[in-house]
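**Student:** What follows is a structure written as structure tokens; I'll ask about it next.
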Amino acid sequence: MIIESLLDTDLYKFSMMQVVLHQYPAAQVEYRFKCRTPDIDLVPYIEEIRAELKALCRLRFAPDELDYLRTWRFIKSDFVDFLGLFQLNEKYVEIAPAAAGNGEIEIRICGPWLHTILFEVPLLAIVNEVYFRHTSADLDLAEGRRRLQAKVALLRDTPGYEGCRIADYGTRRRYSRVWQEEAVAALREGLGEQLAGTSNVWLARKLNLTPLGTLAHEYLQAHQALGPRLRDSQVAALEAWAKEYRGDLGIALSDVYGLGAFLRDFDMYFCKLFDGTRHDSGDPFAWGERVLAHYAANRVDPRSKVLVFSDALDIPRVMQLYAHFRGRCQLAFGVGTNLTNDMGPAPLNIVIKMIRCNGQPVAKLSDSPGKNMCEDEAYVAYLRQVFQIPASQG
């Protein structure tokens, strides 16, 4: 059994789920799986993935897990009470070979947002672990340990980087659950305070680390169907978040429509209200320069704000960004696959993205076109027009 606890997911799933419970309990959504790595045949593993899904859907939150969630200052008691009754239901998930017959598989998740939001992260972890247990069953973990220790030594022992801190963001594409636990424990041992925490709630609890995360792309995408009108959807999403958390969990995600569209909406009010912004696509150096200039233009001291970098990072990239921006703002780095699936075999680039909400298409048009995902080309064209998004982004 790959997933043994419903806490084995990323923190932002719980923070978004609380907003859904309080503000959008009737919303209906659809998610779709995509393997961006070419020539990967996942069809032979469908039955095993289904069996793991069944096991996932038998899990419930244990009383001590609920007690742990109650210790978080931003989690409300009624949400924890709801989780005490919660159970994932496999009727909302369909897994089948792709119609094209090319080795790809289709995973579709359809149902109430409140009851499907927790599927994404564990399902991706299941697909990864099932795939690697079959394709690299005899893998010697010594190589993964060697690579991990080299990363620890590089960050820890390079003069001038004592203040550079990283966090583990690697649950979705990890080699295995056991390896992620070993890797994060090794990071804690080797880096000390340079390990800021982990996005994985189960590991944060087990290893006494800080759980990290705020919101994901699906939250802003859903507001394309939930907001008062499409053009105001990004503003509505940020205001709904502020209503829920009253200044807590204040990191805004900037790349659902591209940085230009984000900055047009992220006015002086939001600049002052939110603690910072997160980068997840496009050139991180150019992004950071534009965001810092935007803060200054809105009479906000950039040194009081956090820039969070989380797009396909490795340790050398983290160190380059730290050297470039240190002293000009506060910095945070979330490193994912490079920490939890750098074992030798190439990791899978797999995602599960929301594609519909309340029967309407939703889309992400980021600063990295390869990350875009929508099944309705007419809607994408309309979205570009509304948010003045260049065609190169979609």
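The values are calculated or read from the model by the stated rules, or taken from the named source; none is laboratory data. Predicted model only: the values in this text are computed from it and were never measured. As a convention, Cβ positions derive from the backbone with ideal geometry for all residues, glycine included, and neighbour counts pool all protein chains shown.
**Student:** Given (1) surrounded by fewer than 19 Cβ atoms within 10 Å (Cβ to Cβ); (2) not assigned by TED's automatic domain parsing to the domain that holds Phe132, identify the lone condition not met by Ile3.
**Tutor:** All conditions pass for Ile3, except number (1).
**Student:** Can you list the helices (runs of 4 or more DSSP H) found entirely within the stretch 89-184 that contain at least 3 residues being of a type in the set (Lys, Arg)?
**Tutor:** Numbers: elements: 113-116, 120-135, 141-157.
Helices (runs of 4 or more DSSP H) meeting the threshold: 141-157.
**Student:** When the stretch 69-86 is examined, which residues are found to be part of a loop (DSSP other than H, G, I, E, B) and touching a helix residue (DSSP H, G or I) at 6+ places or on another chain (Cβ under 9 Å)? Break it down stepwise before answering.
**Tutor:** From the stretch 69-86, those part of a loop (DSSP other than H, G, I, E, B) are 71-76, 86; that's our starting set.
The answer is Trp72, Phe74, Ile75, Lys76, Phe86.
**Student:** Within the stretch 212-273, which helices (runs of 4 or more DSSP H) (wholly inside it) include 2 or more residues that are closer than 20 Å to Ala363 by Cβ and either under 19 Å from the mean Cα position of the chain (by Cα) or of a type in the set (D, E, K, R) (or both)? Full working, then the answer.
**Tutor:** On the way: elements: 217-226, 233-245, 259-265, 268-273.
In the stretch 212-273, 217-226, 233-245, 259-265 are the helices (runs of 4 or more DSSP H) which contain 2 or more residues that are closer than 20 Å to Ala363 by Cβ and either under 19 Å from the mean Cα position of the chain (by Cα) or of a type in the set (D, E, K, R) (or both).
**Student:** Can you go through Pro122, Pro38, Pro44, Pro112 and tell me which one is within 23 Å of the chain's Cα centre (by Cα) and loosely packed, with under 15 Cβ neighbours inside 10 Å? Before you say what the answer is, go through the steps one by one.
**Tutor:** Working: Pro122 fails: loosely packed, with under 15 Cβ neighbours inside 10 Å; Pro44 fails: within 23 Å of the chain's Cα centre (by Cα); Pro112 fails: loosely packed, with under 15 Cβ neighbours inside 10 Å.
Every option except Pro38 fails the conditions.
**Student:** Between residues in the stretch 111-140 that are without any contact (Cβ under 8 Å) to a residue 60 or more places away in the chain and residues that are surrounded by 20 or more Cβ atoms within 10 Å (Cβ to Cβ) and part of a loop (DSSP other than H, G, I, E, B), which pairs lie under 6 Å by C-beta distance while being six or more apart or on different chains?
**Tutor:** Cβ pairs passing all conditions: none.
**Student:** What is the one condition in (1) within 16 Å of Arg328 (Cβ to Cβ); (2) touching a helix residue (DSSP H, G or I) at 6+ places or on another chain (Cβ under 6 Å) that Ala297 does not satisfy?
**Tutor:** Ala297 satisfies every listed condition except (2).
**Student:** Further question on the same structure: Filter the stretch 132-160 down to residues that are surrounded by 17 or more Cβ atoms within 10 Å (Cβ to Cβ), modelled with pLDDT of 95 or more and farther than 21 Å from Leu207 by Cβ, then give me how many there are.
**Tutor:** 1
**Student:** Hey, another quick one. Name the one entry in Thr214, Thr171, Thr210 that is of a type in the set (Val, Ile, Thr), over 25 Å from Lys353 (Cβ atoms) and out of contact with any His (no Cβ under 8 Å at 6 or more places or on another chain).
**Tutor:** Thr210
**Student:** A further question follows. Out of (1) loosely packed, with under 15 Cβ neighbours inside 10 Å; (2) touching a residue at least 40 places away in the same chain (Cβ under 8 Å); (3) within 12 Å of Asn341 (Cα to Cα); (4) within 26 Å of the chain's Cα centre (by Cα), the odd one out for Gly163 is which?
**Tutor:** Every condition holds for Gly163 apart from (3).
**Student:** Looking only at the stretch 51-96, count how many residues are touching a strand residue (DSSP E or B) at 6+ places or on another chain (Cβ under 9 Å) and either among the acidic types (Asp, Glu) or surrounded by 15 or more Cβ atoms within 10 Å (Cβ to Cβ) (or both).
**Tutor:** Taking the stretch 51-96 first, the residues touching a strand residue (DSSP E or B) at 6+ places or on another chain (Cβ under 9 Å) are 53, 57, 72, 89, 91-96.
Checking which are either among the acidic types (Asp, Glu) or surrounded by 15 or more Cβ atoms within 10 Å (Cβ to Cβ) (or both) leaves us with 53, 57, 72, 92-95.
Of the residues in that region, 7 qualify.
**Student:** Out of the stretch 254-299, which residues are aliphatic (A, V, I, L, M), within 25 Å of Phe74 (Cα to Cα) and at pLDDT 95 or above?
**Tutor:** The initial filter retains those residues of the stretch 254-299 that are aliphatic (A, V, I, L, M), namely 256, 259, 261, 263, 268, 273, 286, 291-293, 296-297.
So of that shortlist, the ones also within 25 Å of Phe74 (Cα to Cα) come out as 256, 268, 273.
The answer is Met268, Leu273.
**Student:** Answer yes or no: is there a residue in the stretch 316-325 that is out of contact with any Gly (no Cβ under 9 Å at 6 or more places or on another chain), part of a loop (DSSP other than H, G, I, E, B) and not small (Gly, Ala, Ser).
**Tutor:** Scanning the stretch 316-325, I find no residue that is out of contact with any Gly (no Cβ under 9 Å at 6 or more places or on another chain), part of a loop (DSSP other than H, G, I, E, B) and not small (Gly, Ala, Ser), so the answer is no.
**Student:** Something else about it: Pick out the one residue from Ala237, Ala261, Ala286 that is in contact (Cβ under 8 Å) with a residue 40 or more places away in the chain and outside the structural domain of Trp113 (by TED's automatic domain parsing).
**Tutor:** Values: Ala237 fails: in contact (Cβ under 8 Å) with a residue 40 or more places away in the chain; Ala286 fails: in contact (Cβ under 8 Å) with a residue 40 or more places away in the chain.
Sole residue among the options that is in contact (Cβ under 8 Å) with a residue 40 or more places away in the chain and outside the structural domain of Trp113 (by TED's automatic domain parsing): Ala261.
**Student:** Test of understanding: among Asp367, Asp314, which residue is among the acidic types (Asp, Glu), modelled with pLDDT under 95 and either more than 27 Å from Gln234 (Cα to Cα) or surrounded by 21 or more Cβ atoms within 10 Å (Cβ to Cβ) (or both)? It would help to see each step written out before you state the result.
**Tutor:** Numbers: Asp314 fails: modelled with pLDDT under 95.
Answer to the selection: Asp367.
**Student:** I would also like to ask the following. Among the residues of the stretch 153-177, count how many are touching a Phe, Trp or Tyr at 6+ places or on another chain (Cβ under 9 Å), of a type outside the set (Lys, Arg) and within 12 Å of Ile315 (Cα to Cα).
**Tutor:** 6
**Student:** From Ala237, Ala216, Ala242, grab the single residue that is at negative phi, surrounded by fewer than 21 Cβ atoms within 10 Å (Cβ to Cβ) and not β-branched (Val, Ile, Thr).
**Tutor:** On the way: Ala237 fails: surrounded by fewer than 21 Cβ atoms within 10 Å (Cβ to Cβ); Ala216 fails: surrounded by fewer than 21 Cβ atoms within 10 Å (Cβ to Cβ).
Just a single option satisfies the conditions, and that option is Ala242.
**Student:** Suppose the filter is buried (at least 20 other Cβ atoms within 10 Å of the Cβ) and either within 25 Å of Ala293 (Cα to Cα) or of a type in the set (Asp, Glu) (or both); does Leu331 pass it? Before you say what the answer is, go through the steps one by one.
**Tutor:** Details: buried (at least 20 other Cβ atoms within 10 Å of the Cβ): yes; either within 25 Å of Ala293 (Cα to Cα) or of a type in the set (Asp, Glu) (or both): yes.
Considered against the rule, which asks whether it is buried (at least 20 other Cβ atoms within 10 Å of the Cβ) and either within 25 Å of Ala293 (Cα to Cα) or of a type in the set (Asp, Glu) (or both), Leu331 comes out as yes.
**Student:** Is it the case, given these coordinates, that Leu88 is within 16 Å of Asp10 (Cβ to Cβ) and either of a type outside the set (Lys, Arg) or modelled with pLDDT under 95 (or both)? Explain how you work it out, then say what you get.
**Tutor:** Values: within 16 Å of Asp10 (Cβ to Cβ): yes; either of a type outside the set (Lys, Arg) or modelled with pLDDT under 95 (or both): yes.
Here the answer is yes, as Leu88 does meet what is asked.
**Student:** Please give the number of the condition Thr337 fails out of (1) modelled with pLDDT of 90 or more; (2) of a type in the set (Ser, Thr, Tyr); (3) closer than 26 Å to Leu263 by Cβ.
**Tutor:** Condition not satisfied by Thr337: (3).
**Student:** Using the structure shown, decide if Trp179 is in contact with a Leu (Cβ under 6 Å, 6 or more places away or on another chain), surrounded by 20 or more Cβ atoms within 10 Å (Cβ to Cβ) and of a type in the set (Phe, Trp, Tyr). Spell out the reasoning first.
**Tutor:** On the way: in contact with a Leu (Cβ under 6 Å, 6 or more places away or on another chain): no; surrounded by 20 or more Cβ atoms within 10 Å (Cβ to Cβ): yes; of a type in the set (Phe, Trp, Tyr): yes.
No; evaluated as a whole, the condition is false for this residue.
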